[in-house]
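The next block holds one structure in the form of structure tokens; read it before the comments.
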């Protein structure tokens, strides 16, 4: 599981400005009627030295987008293309968000503060550049849950209600508006490279490759920098796909413009947590073919890595790139094995033993329709900790036998493991948390849920 964020001093950056100006457009934030603070992530604000801001200063920076000292003087809307459900779209770019600031954390990582719902840009097309308040609430719940479960994810940094009435076709309208800020490890995506390849801009492509290696991966460019970067992305996205599966998470929109070059998960729209181990479970109502269904996510992300390799052919030969793409599958198998064992809380054995455990688990969960969250909660440490007959089903027999040969890892003395039920985020819970906000402006259940998720994360980290 990922470590908790550590406090650090404020260290502003603006390294994005070393890239060619053809990669972005300077923009301005919308002038919102109101700015009402609804969520501030002080854990991660401390990690970039911004936790000292009082609420008034917070709203100036993350509601009115007053420049952070020493960082970008103007927000930047980045340009990119992308495959959307396998159809190439050259008319993309930051349409309702922008890169607001860059900073470094205590580990010297370059981090970006980007927005969602901050107004129109040259890439908004027919959109209004806004975010619904419910959409912001959902993104907080997704990022908090994924962080707790060990997924490499962006962090929801701030949510400010903005006092506009928005009309949307997929939720009751008019609905409340908001602007969100996310903290992420880089704003560059696979689609950024696809755009440069389509334009035939080799010079900018080379600069972007060097930037990503140096600033995002801390790796000096070598003799074959394109292959070097592709190797990082292949291994990182394989780990991301594996962590989605272990978390039971379905992103819903794994387009190439939604895959960060740092392999950090971000941009949560129609996400869901799968209730059971159902490979066909989809999150997006518009994913009619199930392209991004639960069980197809590893293949979908691999396909996106191939698209990055195709874009990098602008600078590098196929024979240098193909071996990097081939790293994905073995890296996924290794990462999936590690992620499942970590969530079960058991020590790895021989590879064959580990995969026997994983196979028995997947078969039993798929055939019985058992809740994913319930299963991992009940079997933490590889031993059934609850008095239940649910696992007497003969379809769990092989899993019980194999699990008995594994040793637990980490303590089980956190109070979370004595709860009656696991902390989970099915869609019904999301809707139940939104209802009191919409009806009575009651944020109590929402904040209590965020606290419960963080408590689970503490328990999982041991």
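The values are calculated or read from the model by the stated rules, or taken from the named source; none is laboratory data. Please read these numbers as outputs of a predicted model, since none were measured by experiment. Here the Cβ is made from the backbone with ideal geometry for all residues, glycine too, and neighbour counts use every protein chain on show.
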Go through (1) touching a residue at least 40 places away in the same chain (Cβ under 8 Å); (2) surrounded by 15 or more Cβ atoms within 10 Å (Cβ to Cβ); (3) on the phi < 0 side of the Ramachandran plot for residue 95 and report which single condition fails.
(1)
Can you tell me which of 103, 92, 141 is outside the structural domain of residue 310 (by TED's automatic domain parsing), under 30 Å from residue 7 (Cβ atoms) and touching a strand residue (DSSP E or B) at 6+ places or on another chain (Cβ under 8 Å)?
103
Selection within segment 392-416 - farther than 26 Å from residue 363 by Cβ and modelled with pLDDT of 95 or more
414, 415, 416
Is it true that residue 59 is modelled with pLDDT of 95 or more and either more than 21 Å from residue 266 (Cβ to Cβ) or in the same structural domain as residue 215 (by TED's automatic domain parsing) (or both)?
yes
State the number of residues belonging to segment 191-239 that are outside any helix (DSSP H, G or I) and farther than 17 Å from residue 324 by Cβ.
4
Can you name the condition, by its number, that residue 386 falls short on among (1) more than 19 Å from residue 231 (Cβ to Cβ); (2) part of a loop (DSSP other than H, G, I, E, B); (3) modelled with pLDDT of 95 or more?
(3)
Quick count over segment 1-45, residues being touching a residue at least 24 places away in the same chain (Cβ under 8 Å), in a helix (DSSP H, G or I) and closer than 21 Å to residue 155 by Cβ, is 5
Return yes or no: is residue 23 surrounded by 19 or more Cβ atoms within 10 Å (Cβ to Cβ) and over 30 Å from residue 307 (Cα atoms)?
no
Answer with yes or no whether residue 440 is outside the structural domain of residue 273 (by TED's automatic domain parsing), more than 26 Å from the chain's Cα centre (by Cα), surrounded by 15 or more Cβ atoms within 10 Å (Cβ to Cβ) and without any contact (Cβ under 8 Å) to a residue 24 or more places away in the chain.
no
Do we have any residue at all in segment 224-234 that's more than 27 Å from residue 14 (Cβ to Cβ), surrounded by fewer than 23 Cβ atoms within 10 Å (Cβ to Cβ), touching a residue at least 24 places away in the same chain (Cβ under 8 Å) and outside the structural domain of residue 269 (by TED's automatic domain parsing)?
no
Kindly indicate whether any position in segment 174-189 is in a loop (DSSP other than H, G, I, E, B), touching a strand residue (DSSP E or B) at 6+ places or on another chain (Cβ under 7 Å) and more than 22 Å from residue 267 (Cα to Cα).
yes
Taking first residues from segment 101-123 that are farther than 28 Å from residue 217 by Cβ and second residues anywhere that are at pLDDT below 95, the pairs with Cβ under 9 Å that are 6 or more apart or on different chains are 120/127
Which residue, of 115, 153, 162, is within 30 Å of residue 49 (Cβ to Cβ), buried (at least 21 other Cβ atoms within 10 Å of the Cβ) and more than 24 Å from the chain's Cα centre (by Cα)?
162
